[in-house]
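See below for the structure under consideration.
The values are calculated or read from the model by the stated rules, or taken from the named source; none is laboratory data. Bear in mind the structure is a predicted one, so any value in this text is a computation, not a measurement. Reconstructed Cβ throughout: ideal geometry from the backbone, glycine too, with neighbour counts over all protein chains shown. Side chains included, ligands, DNA and RNA excluded: accessible areas come from the protein's heavy atoms. Shrake-Rupley method; radii C 1.70, N 1.55, O 1.52, S 1.80 Å.
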Amino acid sequence: MSSSNGTHRLPQVVLLTSSGAGHLTPLLRVAALLLHHNCQITLITCHPILTLAESQLISKFLSAFPQVKEKQLHLLPHDPNNVNSNIDDPFLLQWETARRSVRHLLLPLLLSLSPFPSALVSDVTLFPSVIEITENLNLPVYVQFPSCARMFCLFAYFSAYMTSSSTRSNDNNDVIEIPGVWPMAKSTVPPLLLEPKSIFYSIFMEDSKKIPKLSGIFIPTLETLESESLTALNSGKVVDGVPPIYPIVLMPCDFEKHLQEENKIMKWLDNQSPRSVVYMNFGSKAAMSRKQIKEIGNGLITSAYPFLWVVKDKELDKEDTESLNEVLGNDLMEKLERKGLVVKEWVNQGEILGHEAVGGFVSHCGWNSVLEAIWHGVRLLAWPPKGDQKVNAEAIDRGGFGLWTRTWGWAAEMVVKGEELGERIKEMMTSEELKLRAEHIRVEARKAVGDGGSNEIVIKELIEKWK
Ligand code: UDP
Ligand code: G50
């Protein structure tokens, strides 16, 4: 396609955000990657935005890339007559509202864009509403999947599995046998997917049938880490009709950095020895019980390593207003301060994991966090609380760059004793094997992102298609 002055027209790509920092972050990183390859980007953001973390991330992204056009989609009010209006997870509720709103509001917004876009990349939660609208528009729709390839296998296979399970009599009831990949223990499957009455179950049932209508799926992952799942998907083994899967390595970007110059965390890290610090952060929404928070405090103290601990007391950051002293109590707070740094704020995790003082990461296993640890070659102690996080923990375990104590169950449901945590932290920090594997996989990730690596191949192939 040529413009009137004869120069090659640049691909115009629209990206559609959903809700949750774990969904927004990888979508914005895809946008940054496309910008790097000279695509022109329009970012559609859904308002109101649920968390401060997301609002700030979007602002930082837009100020780092002033050439990006932002279009705001103002969500319809919650529908009290909707059968799903009693959803108690604020993120799930927001997804439902956004799915309904996109169905009504996206078309005029797309038609107002000039030039008309060459492609649309949607967060996975919104794609069924998007394809309803774009069916007659000649606009290829791609999905950004915010989890691992193995989780996508479960998603893609879900409706086929559930519809046929009544006819399978001699199944092993403890596992889901996804064709082409090693069996998935039901104990690792997101619990809501085992409850047919849950809204998340309905979402997986309905949405998985619609995957064949997509032009492609971006999965932030590494070939070396997930070759089995990627091969099974791309060869049609998992289920027929899966569009091309594009594995890409997404790394922390400059636009995510804090704007303020003073940064007490980085200064504190500067004063620690290389690879000595245990970093603990459970992501953007996993809050812990007060009882577990106290045990963690004691566990970090007994592990005898310096630590950087990001405490989270409420699922929504806007509601997380109590001070550290209120949450931890003065006594524990005093003891902790002698050994490490405890904060209760949004930190720049990408930057922290890249600091040479960090030796290990106690993580809830959100997929972005796992990939950030990989990017910086940091070993993990996996402690998944809910959702897709046990599936991600399995990838860490099989990849050999982290430990996972399966008997700890779901962290959202069980309290682990401080001493036990302290012991596992020591094991992670002293393991040479984990260190070597983390370094190995870091090198693989860097290769994928470097000149002529798999990221470049994928993006160039897509840009050719979009021209
Ligand atoms: N994150 C961060 N600072 C925090 C908490 C989280 O930068 O204090 C980032 C983290 O680096 C990751 C994202 O937020 O990029 C969280 O996504 P993830 O998939 O790890 O977990 P989720 O929050 O979705 O459970
Ligand atoms: C959030 C959550 C639970 C959960 C997941 C979350 C995932 C990610 C993949 O992101 O499994 C996903 C696929 C389809 C979809 C939403 C999320 O509609 O709270 O399991």
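Laid out as a table, the results:
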read-out: Residue list for the range 193-203, restricted to those being without any contact (Cβ under 8 Å) to a residue 60 or more places away in the chain and either within 13 Å of Q389 (Cα to Cα) or within 13 Å of ligand 2 (Cβ to nearest atom) (or both); value: L193, L194, E195, S198, Y201, S202
read-out: Answer residue from the range 80-134, given it is outside any helix (DSSP H, G or I) and under 24 Å from the mean Cα position of the chain (by Cα) and is farthest from E315 (Cα to Cα) among those; value: A119
read-out: Residues of the range 417-467 that turn out to be within 21 Å of Y142 (Cα to Cα) and of a type in the set (S, T, Y), as a count; value: 1
read-out: Residues that are part of a helix (DSSP H, G or I) and away from ligand 1 (no atom under 14 Å from the Cβ), drawn from the range 364-414; value: E394, D397, R398, G399, R406, T407, W408
read-out: Scope the range 205-226; condition part of a loop (DSSP other than H, G, I, E, B) and either closer than 16 Å to Y161 by Cβ or of a type outside the set (S, T, Y) (or both); matching residues; value: L214, L222, E223, L225, E226
read-out: Residues being part of a strand (DSSP E or B) and of a type outside the set (S, T, Y) - total across the range 34-79; value: 12
read-out: Selection within the range 354-363 - more than 29 Å from S198 (Cα to Cα) and either near ligand 1 (Cβ under 9 Å from one of its atoms) or open to solvent by 20 Å² or more (accessible area, probe 1.4 Å) (or both); value: G354, H355, E356
read-out: Filtered residue count, the range 227-242, keeping only those that are open to solvent by less than 10 Å² (accessible area, probe 1.4 Å) and not in a helix (DSSP H, G or I); value: 1
read-out: The range 384-419, subset open to solvent by 20 Å² or more (accessible area, probe 1.4 Å) and of a type in the set (A, V, I, L, M), residue modelled with the lowest pLDDT; value: A412
read-out: Given (1) without any contact (Cβ under 8 Å) to a residue 24 or more places away in the chain; (2) touching a strand residue (DSSP E or B) at 6+ places or on another chain (Cβ under 9 Å); (3) open to solvent by 30 Å² or more (accessible area, probe 1.4 Å), number of the condition H376 does not satisfy; value: (1)
read-out: Any hit, the range 163-179, residues being assigned by the TED database to the domain that holds V130, part of a helix (DSSP H, G or I) and buried (at least 18 other Cβ atoms within 10 Å of the Cβ); value: no
read-out: Selection within the range 266-295 - in contact with a strand residue (DSSP E or B) (Cβ under 7 Å, 6 or more places away or on another chain) and either part of a strand (DSSP E or B) or on the phi < 0 side of the Ramachandran plot (or both); value: W268, L269, S276, V277, V278, Y279, M280, N281
read-out: Test set (1) of a type in the set (V, I, T); (2) open to solvent by less than 10 Å² (accessible area, probe 1.4 Å); (3) more than 30 Å from F204 (Cβ to Cβ) - T321 fails condition number; value: (2)
read-out: Qualifying position, being in contact (Cβ under 8 Å) with a residue 24 or more places away in the chain, of a type in the set (K, R) and touching a strand residue (DSSP E or B) at 6+ places or on another chain (Cβ under 8 Å), among K186, K237, K213; value: K213
read-out: Residues of the range 189-208 classified as crowded, with 17+ Cβ neighbours inside 10 Å and away from ligand 1 (no atom under 16 Å from the Cβ), total; value: 9
read-out: In the range 283-297, the residues that are in contact (Cβ under 8 Å) with a residue 60 or more places away in the chain, open to solvent by 10 Å² or more (accessible area, probe 1.4 Å) and within 16 Å of ligand 1 (Cβ to nearest atom); value: G283, S284, K285, M288
read-out: Single unsatisfied condition, I245 versus (1) open to solvent by less than 30 Å² (accessible area, probe 1.4 Å); (2) more than 22 Å from the chain's Cα centre (by Cα); value: (2)
read-out: Among (1) closer than 30 Å to W309 by Cα; (2) within 15 Å of ligand 2 (Cβ to nearest atom); (3) of a type in the set (D, E, K, R) - the single one K264 does not satisfy; value: (2)
